[in-house]
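Since the structure comes first, as structure tokens, the remarks are kept for the end.
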Amino acid sequence: MYLIIRCGGCRSFTYVDKYQQWKLCPACGETINVRKAPAYLEVEDYAMAEQIIRQLEKYLDCNQKRDLSPEELQALRHQYAEWIRNRV
């Protein structure tokens, strides 16, 4: 399982193993404390995490937003859960 998190320095999205404690941001090189970083979603594999990160960045860019609102974050989690349930 992987967590999609966001760097506190440059605000770029990245993913980490669920049990990882630290991550170097691939964009700015900042050391991210995984326990303190905002977790957006927990996904099954890294390929899915990469795809969701691309979609999140595209969504924020297209809508000229800096971050997801609490409602958007809840909708994202709900949509992912529905996708997982319907996949089988």
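At 0.36 nm per residue, and after removing the present C-alpha to C-alpha distance, how many nm does the segment from A27 to Q51 gain when stretched out fully?
7.0 nm
Before I look further, what does the chain give for accessible area per residue, probe 1.4 Å, in whole square angstrom?
In whole numbers, the chain has 69 Å² accessible per residue.
Most mobile of R54, R66, R11 per a Gaussian network model of the chain (Cα springs, under 10 Å)?
R66
Assuming R0 = 22 Å, can you tell me the calculated FRET efficiency for the pair E82 and L60, based on Cβ-Cβ distance, to the nearest 0.05?
The pair E82/L60 has a calculated efficiency of 0.50.
Along the charge dipole of the chain, Cβ charges K/R +1 and D/E -1, which of A75, N33, I53 sits furthest on the positive end?
Farthest along the dipole direction, towards plus: N33.
Using helices alone, what [θ] at 222 nm do you get for the chain, with -39,500 (n - 2.57) per DSSP H run of 4 or more residues, divided over all residues and rounded to the nearest 500?
After summing the helix terms and dividing by the residues of the chain, the value is -13500 deg cm²/dmol.
Of all accessible surface on segment 1-62 at a 1.4 Å probe, what whole percent is carbon and sulfur?
Ligands and nucleic acids excluded, carbon and sulfur give 50 percent.
Would you mind working out the magnitude of the charge dipole of the chain relative to its Cα centre, with +1 at each Lys and Arg C-beta and -1 at each Asp and Glu C-beta, to the nearest 20 Debye?
160 debye
The values are calculated or read from the model by the stated rules, or taken from the named source; none is laboratory data. Nothing here was measured: the structure is a model prediction, and the numbers come from that model. Cβ coordinates were reconstructed from backbone atoms using ideal geometry, including for glycine residues, and neighbour counts include every protein chain displayed. These area figures cover heavy atoms from the full protein model, side chains too; ligands, DNA and RNA do not enter into them. Shrake-Rupley method; radii C 1.70, N 1.55, O 1.52, S 1.80 Å.
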